[in-house]
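First comes the structure, then the notes that go with it.
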Amino acid sequence: MVTVERYPDIKANQNFLELQSQLEGTENRINVERNRYNNIAGDYNIAIKKIPASIVANMAGFTEVALFQAESGAESVPEVNFNF
């Protein structure tokens, strides 16, 4: 947002406003799917530990799956440069 403040004309540009909206929507969709994956992976990990599924899971070689965890530094916002 600091970059946008340096370019007052860009704030009024409809294309830029649409880009902001699309980026926000993309971030939200990624977060929803990340949470969905972690929920399903957690349910799977619990299911393969319960009897009798654990017996079949061990015989078939099913193992736990890792939950998604972001790498360190992923919380930082990438720098965007609007050179006109």
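Some points to look at:
- As a rough guide to protection, the peptides 63-75, 23-35, 39-51 ranked by mean Cβ packing within 10 Å, highest first, stand as 39-51, 23-35, 63-75.
- Rg then Dmax, both in Å and based on the Cα atoms of the range 7-60: 21.6, 65.
- The HN-Hα couplings worked out from phi for the range 37-47 by the Karplus form 6.51 cos²θ - 1.76 cosθ + 1.60 (θ = phi - 60°) are 4, 4, 5, 5, 5, x, 4, 4, 4, 5, 4 Hz, whole numbers, x standing for Gly and Pro.
Computed from the coordinates by the stated procedures, all read-outs in this text should not be read as laboratory data. All of these numbers come straight from a predicted model, not from anything done at the bench. Reconstructed Cβ throughout: ideal geometry from the backbone, glycine too, with neighbour counts over all protein chains shown.
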